[in-house]
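Okay, structure first, notes after.
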Amino acid sequence: MKASILLLGMFLTGDGAEKLPELDKALKPLTNPESYQFTVQDSAPNAVVEGKYQKGMPLFAVADKIEFFRQNEVLVYKQKDVWQRTRTGTLSDPLLILGASSKVRAIRLPHEELALLVKGLHQAKVQADKKETLITGTIAAELAKKLARTEDQDLAQGGTVKLWLDKAGNLSKYEIALRVQGRRGNADVDGSVTKTVSISGIGTTPVALPEGAKNALR
């Protein structure tokens, strides 16, 4: 470890926010946020989703360069300047829409995900230098299954978490790496899946809902 890194705390178990003042302070603005913007990067190729959250508004997201609004279970998208609902049941959307919409449907709002992470964080360590603070820890299998995508829930065995705070102590990014092991169909699975989420614009990110999208959500 470099001399410039200061180890502030280590091997704290459970209820990480209460035992880590740095994390408690960083997550306070995200406890009941008014708004923020975020980017989700999964380990799968091209699995990037950009989003904007504002309390009381539908979630805005962009996946595969397609704009979406999500309100509860209703998802609408923009195609050739027209907003329309994604199709369900016997009808099907075009393949491009199917892939993008599945990414948007899979999003868990970061402030909700962080609330789960903090409660289940174990063996927390804090490392800080002049530029940023890195908090690392582990999560048990029960929480890993809750955080995993549907196809990985039965395979999740636990995982690791990293949270980055900027020099002002604000949360800028976090990473969840889940260990997956078992059988999926006829194949043996033994590896990890990683998701990285960047957060910015806390309290200053507006979501503008076009009239066309508003009508499509009704």
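Bear in mind these aren't lab numbers, they're just calculated from the coordinates by the rules spelled out. Values in this document were obtained by computation on a predicted structure and should not be read as measured data. Here Cβ is always computed from backbone atoms with ideal geometry, including for glycine, and neighbour counts include all displayed protein chains.
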Inset, instruction - Evaluate the distance, in nm, between pseudo-label points positioned 7 Å from the Cα of Leu95 and of Asp24 along their respective Cα→Cβ axes. - result: 5.3
Inset, instruction - With r as the distance between the Cβ atoms of Thr150 and Asp188 and R0 = 22 Å, compute the FRET efficiency 1/(1 + (r/R0)^6) and round to 0.05. - result: 0.65
Legend entry - Integer Hz, Karplus 6.51/-1.76/1.60 couplings in order for the stretch 48-53, x for Gly and Pro: 10, 10, 9, x, 10, 10
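Report the full-extension gain for the segment Asp64 to Thr39: residue separation times 0.36 nm, less the Cα-Cα distance, to one decimal in nm.
Once the chain is fully extended between Asp64 and Thr39, it gains 7.7 nm.
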Inset, instruction - Mind grabbing the base-10 log of I(q)/I(0) for the stretch 117-218 at q = 0.14, 0.18 Å⁻¹? Debye formula, identical points on the C-alpha positions, no solvent, two decimal places. - result: -0.71, -0.88
Inset, instruction - Calculate, axis by axis, the spread of Cα positions in the stretch 6-217 along the three principal axes, and write the results as whole Å, longest axis first. - result: 53, 48, 24
Inset, instruction - Would you please give the residues with an amide H less than 5 Å from that of Glu34, counting only those at least 5 places away or on a separate chain, with H modeled from the backbone geometry? - result: Gly203
Inset, instruction - Please sort 52-58, 185-191, 169-175, 40-46 by packing, taking for each peptide the average over its residues of neighbouring beta carbons within 10 angstrom, highest first. - result: 169-175, 52-58, 40-46, 185-191
Legend entry - Relative contact order (%) - the stretch 6-217, alpha-carbon pairs under 8 angstrom, separation at least six: 26
Legend entry - Out-of-range pairs (alpha-carbon distance over 26 Å; input Lys28/Lys103; Lys65/Lys130; Lys65/Lys214; Lys55/Lys173; Lys28/Lys125): Lys28/Lys103; Lys65/Lys130
